[in-house]
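Asker: Structure incoming, see below.
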């Protein structure tokens, strides 16, 4: 817990995908970088953009807009890669996630976070940790550990190994 946080407060990084605002816990973010050259790896799903070289390490990059069925990310001056740590069992996987724009870091109290909505039994919303309210807008708080399925994370690991 940082010096600026209280027991019931968490810090979140907000970012845009299309017209929607999403957030992830700051503790999961390693860095934010400008969009760089992404090396495409053949025979991977469309949302798996490829890999980047991050100071000598191979990092798989996903397009969150495609993963969420929102179309492919458009490259603008604001497009960036959010490098995150996702937990997969006992293992930590480093991933890059393409976002349209990073907005801000802010604090939310636990009582300002509503449970994730349940939208029928056929839709999996386990990757949504909850809904926060900030500046009169709702923000979907992602559970980055659940955004990727076990198969997706295994594919990311294979990409790292192939490119290394």
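The values are calculated or read from the model by the stated rules, or taken from the named source; none is laboratory data. Here the structure is a predicted model, which is why all the values come from computation and not from measurement. Please note: Cβ atoms are built from the backbone with ideal geometry, for glycine as well, and neighbour counts cover all protein chains shown.
Asker: Residue 70 versus (1) part of a loop (DSSP other than H, G, I, E, B); (2) more than 20 Å from residue 139 (Cβ to Cβ); (3) touching a helix residue (DSSP H, G or I) at 6+ places or on another chain (Cβ under 9 Å): which is the lone unmet condition?
Answerer: Condition not satisfied by residue 70: (2).
Asker: Something else about it: Any idea which of (1) outside any strand (DSSP E or B); (2) buried (at least 20 other Cβ atoms within 10 Å of the Cβ) is the one residue 84 doesn't satisfy?
Answerer: Checking residue 84 against (1) outside any strand (DSSP E or B); (2) buried (at least 20 other Cβ atoms within 10 Å of the Cβ), the one that fails is (1).
Asker: Please specify each residue of the range 67-83 satisfying the condition of being more than 12 Å from the chain's Cα centre (by Cα) and modelled with pLDDT under 90.
Answerer: Matches in the range 67-83: 69, 70, 71, 72, 73, 74, 75.
Asker: Within the range 100-153, restricting attention to residues that are surrounded by fewer than 13 Cβ atoms within 10 Å (Cβ to Cβ) and assigned to a helix (DSSP H, G or I), which residue is modelled with the lowest pLDDT?
Answerer: Going through the qualifying residues, I end up with 150.
Asker: Can I ask one more? Would you confirm, using the coordinates I've provided, whether residue 11 is in a strand (DSSP E or B) and either touching a strand residue (DSSP E or B) at 6+ places or on another chain (Cβ under 8 Å) or closer than 24 Å to residue 132 by Cα (or both)?
Answerer: yes
Asker: Scan (1) assigned to a loop (DSSP other than H, G, I, E, B); (2) modelled with pLDDT of 90 or more; (3) touching a helix residue (DSSP H, G or I) at 6+ places or on another chain (Cβ under 6 Å) for the single condition residue 36 breaks and write down its number.
Answerer: Result: residue 36 fails condition (3) only.
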